[in-house]
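The next block holds one structure in the form of structure tokens; read it before the comments.
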Amino acid sequence: MRLFTAIELSDEARTAIATLQKTVATALSDGPRSLRLVRTDHLHLTLIFIGEVSKEQGSAIADVMSTDIPQAPFAIEFGGIGVFPPSGPPRICWLGVLEGANEVVRLHAHVAERLLDLGVAVEERAYRPHLTLGRWRERVRNVKSRIAASAEPIARVPVSAVTLFES
């Protein structure tokens, strides 16, 4: 089974972000290399991608993730569009976190510590909270010049739990 941990979005946030996705897709459309959008029901803020694990390890992960995390509830405000990688042809279009980013990073650290205690490998590079809006199937150019620099709030999501997903 393939697992990952994430923050779920409210229905209101999903609706607002789906509207933004359509606007972004129109602005960044590039013929057959168009941006493939993440389905609305799949929108979430990934904390840690765990990957393929055995059924036994999945059960252990589910057990450890079912206990409370010692962090007060907070809110995330999404806004600002960017692309990865920051240089060269982009592959991913993302929505940034305007408010609550520090809290998300702390939450990521709590989850990473729990997973490391179970022997799960966690990516070593610094975690940068973002929500993936879409991916390009092929390399594209001149996309960055078509992205609006606006950092207006798009959606606000209360956070009080982490969800373990199977993909």
Please work out which residue is surrounded by the fewest Cβ atoms within 10 Å (Cβ to Cβ), limiting yourself to region 1-24 and to residues that are among the charged types (D, E, K, R) and under 19 Å from S66 (Cα atoms). R2
Having 3 or more residues that are touching a Gly at 6+ places or on another chain (Cβ under 7 Å) is the bar; report the strands (runs of 3 or more DSSP E) wholly within region 1-58 that clear it. 35-37
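Listed here are the residues, each with its yes/no results for (1) in contact with a Lys or Arg (Cβ under 6 Å, 6 or more places away or on another chain); (2) part of a strand (DSSP E or B); (3) modelled with pLDDT of 95 or more.
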| position | (1), (2), (3) |
| --- | --- |
| V122 | no, no, no |
| A126 | no, no, no |
| L131 | no, yes, yes |
| R135 | yes, yes, no |
| V140 | yes, no, no |
| A151 | no, no, no |
| R156 | no, yes, yes |
| F165 | no, yes, yes |
Condition set within 25 Å of V97 (Cβ to Cβ) and without any contact (Cβ under 8 Å) to a residue 40 or more places away in the chain, scope region 32-66, selection least open to solvent (accessible area, probe 1.4 Å): answer is T40
Being modelled with pLDDT of 95 or more and either touching a strand residue (DSSP E or B) at 6+ places or on another chain (Cβ under 9 Å) or β-branched (V, I, T) (or both) narrows L47, L37, L20 down to just L47
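Would you please name the residue that is nearest to S66 (Cα to Cα), looking only at residues in region 89-100 that are under 15 Å from the mean Cα position of the chain (by Cα) and either surrounded by fewer than 16 Cβ atoms within 10 Å (Cβ to Cβ) or touching a residue at least 60 places away in the same chain (Cβ under 8 Å) (or both)?
Applying the first criterion (under 15 Å from the mean Cα position of the chain (by Cα)) to region 89-100 yields 91-100.
With either surrounded by fewer than 16 Cβ atoms within 10 Å (Cβ to Cβ) or touching a residue at least 60 places away in the same chain (Cβ under 8 Å) (or both) added as a condition, the list becomes 91, 93, 95, 99.
Working: R91: 34, C93: 31, L95: 28, E99: 26 Å.
Only one residue tops the list, namely E99.
The values are calculated or read from the model by the stated rules, or taken from the named source; none is laboratory data. Keep in mind that what you see is a predicted model, and the values were worked out from it rather than measured. Backbone-built Cβ (ideal geometry, glycine too); neighbour counts: all protein chains shown. Side chains are part of the model used for accessible areas, which takes the heavy atoms of the whole protein and leaves out ligands, DNA and RNA. Shrake-Rupley method; radii C 1.70, N 1.55, O 1.52, S 1.80 Å.
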